[in-house]
Every structure is written in C-alpha cells, then in structure tokens.
1. Please indicate, with yes or no, whether at least one residue in segment 179-190 is assigned by TED's automatic domain parsing to the domain that holds residue 387, closer than 30 Å to residue 313 by Cβ and surrounded by fewer than 19 Cβ atoms within 10 Å (Cβ to Cβ).
2. Here is a list of conditions, (1) under 21 Å from residue 392 (Cα atoms); (2) surrounded by fewer than 19 Cβ atoms within 10 Å (Cβ to Cβ); (3) touching a Gly at 6+ places or on another chain (Cβ under 7 Å); (4) not small (Gly, Ala, Ser), and residue 321 meets all of them except one; can you say which number that is?
3. Can you work out which of the residues in segment 152-178 that are surrounded by 23 or more Cβ atoms within 10 Å (Cβ to Cβ) and among the acidic types (Asp, Glu) is farthest from the chain's Cα centre (by Cα)?
4. Looking at segment 250-272, I want the residues that are without any contact (Cβ under 8 Å) to a residue 12 or more places away in the chain and have a partner that is polar (S, T, N, Q) with Cβ atoms under 6 Å, at least 6 apart or on another chain. Which pairs are those?
5. Within segment 84-95, can one find any residue that is touching a Lys or Arg at 6+ places or on another chain (Cβ under 9 Å), closer than 30 Å to residue 140 by Cβ and modelled with pLDDT of 95 or more?
6. Could you say which residue among 29, 36, 44 is out of contact with any helix residue (DSSP H, G or I) (no Cβ under 7 Å at 6 or more places or on another chain) and either surrounded by 13 or more Cβ atoms within 10 Å (Cβ to Cβ) or of a type in the set (Phe, Trp, Tyr) (or both)?
7. Which one of 140, 135, 161 is touching a strand residue (DSSP E or B) at 6+ places or on another chain (Cβ under 8 Å), of a type in the set (Val, Ile, Thr), in contact (Cβ under 8 Å) with a residue 24 or more places away in the chain and closer than 25 Å to residue 41 by Cα?
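The values are calculated or read from the model by the stated rules, or taken from the named source; none is laboratory data. Owing to the predicted nature of the structure, the values given are computational and were not obtained by experimental measurement. FYI the Cβ positions are ideal-geometry reconstructions off the backbone, even for glycines, and counts take in every protein chain you see.
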Amino acid sequence: MTTVTVRPGIADRLSRMIQLPTVSAELDERGTAPFEDFVSLIAELYPLTHSLLRLERHTAFGLLFHWKGASDADPLVLMAHYDVVPVDESDDWTHPPFAGAIADGRVYGRGTLDDKGPLIVVLEAVENLLASGFVPARDVYLSFGGNEETFGAAAVEIADVMKERGIVPWLVLDEGGAVVDAPLSFVEGRAAMIGVGEKGVVTLKLSARGDGGHASAPPTLTAVRRIARAVNRLDPGTFRPRTPKAISRMLSQFSEQASGPSRLLLKILSRVPFLTARVFAALGGEPAAMVRTTVAATMQSGGTAANVIPSRASATVNLRIALGESVDSAVARVRRRIRDPLVAIEVLEGSEPSPESATDNAQFALLGEALGVAFPGVRPVPYVMMAATDSRHFHRFTPAVYRFAPLEMSNAQRASIHGVDESVEVATLERGEAFHRALLERLH
C-alpha cells in the first residue's frame, strides 16, 4: 500500500467552499459568479488534481475530471454536486448559512452535508494520493454537477458523453445514504446505508376550468373545488405498497445484528415481502415511502380577488415512483383515482425509477472494504433512496450504481439537510477522506 501523507486543514477548505453561495435556484438573483469562483477555488485548493487530471466542462455547470489509470479496465466514477438549495432568511441559524463557521469541532453552513461535504472528501483523497505518486488500477472520473438541486442538465450531458464514447463505468458512486445510528425506529446500532436503487420522480400539473363570476352566487362545482376534490382523492393509499428486493435484503442484514424479539420480527419481514409492505405502509412516513409511490400536492393556484370565482384553477403534484413502476403507470393510476375527465393532467417532468444494483458483486464488496478501513465495525446495508440524484442518468447503461456519502450523520443532521443549522463534524470529514482513499487504493 502506498504511504500517503494526509494534508491538514480540511475544515478550512470546506469553510471556503461554503462561503460561495452556489444556489442553483437563485441564478437570476445571484448570477453565475459563485459557480465560476467555486471552479477557481478547486484549482487553488487542489493544485495536483487540477494539473494532473484532465478537466472537461459540460454545460456551464458540469465538471468532469479524468484520472488515467494503470489499465484499460472499465472506470470508477465518483460523483457529487456543488450547488445548494436556497436559505430562508427568516430562519434562525446558529451561524450564518454562508459564513462557513468552524466551531465545536464542526463546519456549519448550507451545503456541508448536501453536498459539498461529500464532494470535498473525494477531492481530499485524490489530492493526497496524487502527492504520493499513486496511480489507480483503472481510470477514475470525478463528475461534479452544479445544478443537481434544480434537475439541471450538467449530469445528463456528462452521462450522455460517456455513453457516446463507449465508456461503461464499472462502478458509479454518488450521494445518498450515510453512516447512521438506528436506521429504522425498531433497529438499533450503526449501519452504512447504501442506496442500491432510487425512486423515480414525476411532477404533474392538474388543471380545470369552470364558470367564473361573483363569489356571492357560486355554482355547485367551481374550478377550485374540482381541483381540491382531485387533490383530496390522491391520498396516501393511492398506490399499493410493494416491497423491493433491496428492502428485504436490508431487513435480512438488520436481523443478523439484532437480538430477542426484534431479531425474529426482522427475519420474518425479510422473508415475507407482502407482510413487509403492509407493515411499512401502516407505519407511515419514511417506512411507507420505502414501499410505495408517494403523492404530494406542492402548489396550488387560481383566482385574482377574494370575491371573484376564478374560471381556472390548478395544482402541482409531485410523485416519487417506487421501483417496479413507471412514469406512465403512475400517471394512469392518478387519472383513475381522480375519476374526473374535466381535470387535465400534464406531465411537467419525469424520470423513471432505477433498477436495483447487486449486493453480491465485487463492486459492493469494495465499498465494504473501504468502510472497514474508515468506519471499522460498520456494515454496508442496502436500501432504496427516495430522493433523486444525478446518478440516475448513469443507471440506464451502467449496471453498478450506488448512492452513499461516507459521513456520519445523526437524525438531527439528516433533518438539517435543506433545513436549518446544517453542519458536519470535522472528524467525520477525515473519515470520509479515508474511505475514498481506501476505495481508490483497493481498485483492481
């Protein structure tokens, strides 16, 4: 194994990244300067990565670094994104969200967990290995997107370019799960939750027309009421629960580290998918989202004045599509549930759920080896990711796509993602660097 000197100062470098407000949803207000400054900052902080790896720009926000390996074997792709979500200025942060404050052994700020923290541990490992003269066993690509939070085209173009060039990655690793305590309410202990698949997403616009007029003499069924009725019919039971194989595998592994009645319960659930689907659906919240397509009305519009009945009304509905279903089948199900031909349904955007990547292959075993180095005693556990990542653009032509950020996250930290007081421990950043360094050193 190559002798590697690990550079100190990872917290300071992440702090500088956090100070650049790369908010992709606020391009009109902030412009592209923070994004270009971020690219320049990478070149400054990681001079060997910048000079020894070839950099391609894809769209205005996609960065693709290529590290030539010792063989022509299919490459490894490490992914992350450097854009962040907006901040509500009325929220009460302990430290300003773009100050990059370092306090109490943590770095605070928007993006520390999603996703500049996971991005920096990749760059740290690469820079440290380059300084030692290390050459990976196979080619390595670093794919960084600057518009993941707005479903932008950077990762789409990077994936398309690689496919056009005939490059089929051996392994793709993007954000997703983390090292967590008590991954389910009835499961104790720590686990490295690795997403072996992710749900699809589709956004629908429901719209209706009706007779407008004065609010003093309303018709029986206005456009607003028609839309409200349609949304009300899309309750949590709209889609039948089903258990993906990944969830059964997850429960099986949890049963091995459990004891007493919990061990028996987990073992039964792992072997009876129908029962698991019913139990998880009844639990609601995150467990229910693991086993069914979810429906959430997110926006409604209609009307111009308090005393005027609008002739048009609409609602936006976001669905996260379970593995084994499709955009078309989800839209058809919504149409059947609404049961109203006068409600128009328009698909605004959609992407299919991914296939499930295997857990009995060399790629998953490699992730386990790297975990053993950085997080001794923590086992890799498969699960289905409910949010969308840039890696979904690769699973169309790559058989091994996993979603895991090698950082420890408490329940409070996971809740702070897209929320208030997002922060990451400096110690876990150092372990994240060790994970990626071990991953790269053990490539074969």
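1. As a first pass, look at segment 179-190 and keep what is assigned by TED's automatic domain parsing to the domain that holds residue 387: 179-190.
Keeping just the survivors that are closer than 30 Å to residue 313 by Cβ gives none.
No: segment 179-190 contains no residue that is assigned by TED's automatic domain parsing to the domain that holds residue 387, closer than 30 Å to residue 313 by Cβ and surrounded by fewer than 19 Cβ atoms within 10 Å (Cβ to Cβ).
2. It is condition (2) that residue 321 fails.
3. If we take residues in segment 152-178 being surrounded by 23 or more Cβ atoms within 10 Å (Cβ to Cβ) and among the acidic types (Asp, Glu), then 174 is farthest from the chain's Cα centre (by Cα).
4. Short answer, once both residue conditions are applied: 263/255.
5. Yes: one or more hits.
6. Details: 29 fails: either surrounded by 13 or more Cβ atoms within 10 Å (Cβ to Cβ) or of a type in the set (Phe, Trp, Tyr) (or both); 44 fails: either surrounded by 13 or more Cβ atoms within 10 Å (Cβ to Cβ) or of a type in the set (Phe, Trp, Tyr) (or both).
It is 36.
7. Working: 135 fails: touching a strand residue (DSSP E or B) at 6+ places or on another chain (Cβ under 8 Å); 161 fails: closer than 25 Å to residue 41 by Cα.
Exactly one residue qualifies, and that residue is 140.
Let's see how each residue does on (1) of a type outside the set (S, T, N, Q); (2) under 21 Å from residue 404 (Cα atoms); (3) in a strand (DSSP E or B):
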{"residue": "93", "(1), (2), (3)": "yes, no, no"}
{"residue": "99", "(1), (2), (3)": "yes, no, no"}
{"residue": "107", "(1), (2), (3)": "yes, yes, yes"}
{"residue": "110", "(1), (2), (3)": "yes, yes, no"}
{"residue": "119", "(1), (2), (3)": "yes, yes, no"}
{"residue": "123", "(1), (2), (3)": "yes, yes, no"}
{"residue": "126", "(1), (2), (3)": "yes, yes, no"}
{"residue": "130", "(1), (2), (3)": "yes, no, no"}
{"residue": "135", "(1), (2), (3)": "yes, no, no"}
